[in-house]
1. If you go through the stretch 83-104, how many residues are among the charged types (D, E, K, R) and farther than 24 Å from Leu51 by Cα?
2. Scan (1) on the phi > 0 side of the Ramachandran plot; (2) more than 12 Å from the chain's Cα centre (by Cα); (3) among the small types (Gly, Ala, Ser) for the single condition Gly60 breaks and write down its number.
3. Using beta carbons and a limit of 7 Å, which pairs, at least six apart or on different chains, have the first residue in the stretch 102-125 and small (Gly, Ala, Ser) and the second one part of a loop (DSSP other than H, G, I, E, B)?
4. If I go through the stretch 61-103 residue by residue, how many of them are exposed (fewer than 11 other Cβ atoms within 10 Å of the Cβ), outside any helix (DSSP H, G or I) and out of contact with any helix residue (DSSP H, G or I) (no Cβ under 8 Å at 6 or more places or on another chain)?
Amino acid sequence: MRNNMHASVKSETSAKKSRSRITNGRSMFPRTVDGQSIDMRGRWTRRLRDLVSAYTSDAGGTDNISEGLRSIIHRIASLQTQMERIESQWAVDDGEATPASLELYQRTANSQRRLIETAGLKTRSMKTVPSLQDHLASRYGTRSRVTIDHEDDD
């Protein structure tokens, strides 16, 4: 029995080693594309990694999402970084936007919104602040009015 258990752990380890760095979650991209290396320390890739992490957390965490949802989240984050680059260029140009950049931005934003909807991610704040009455009702079990008696010092 022990040998079978050891063999399955060993084969699982071997299977992980034979998978790509992307599949194992150690990288977001291959090391090189068309002979050019990708530096994962750059601003764009760091921002992309941060966004993927944030959206993955919103979706329930790495262990709770499917490979398909992981792919959609990567696309959502990629589109967001591209829109941020367009916005940055507008800031450099003192808010000046060309019709072409506006059209590209609009199409990108619409694509991202559709992907967010497809992924089932929330687009509104998940934090709600209860009213005082609701808080008191949850704390004391009834929805009653609280009165404060004031005594006159005169």
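1. 3
2. (2)
3. Final answer for the pair search is Ala119/Ala59.
4. So the answer is 4.
Each value in this text was obtained by applying a stated rule to the coordinates, not by laboratory testing. What you are looking at is a predicted structure, and each value in this text was computed from that prediction instead of being measured. Don't worry about glycine lacking a Cβ; one is built from the backbone with ideal geometry, like all the others, and counts go over all protein chains shown.
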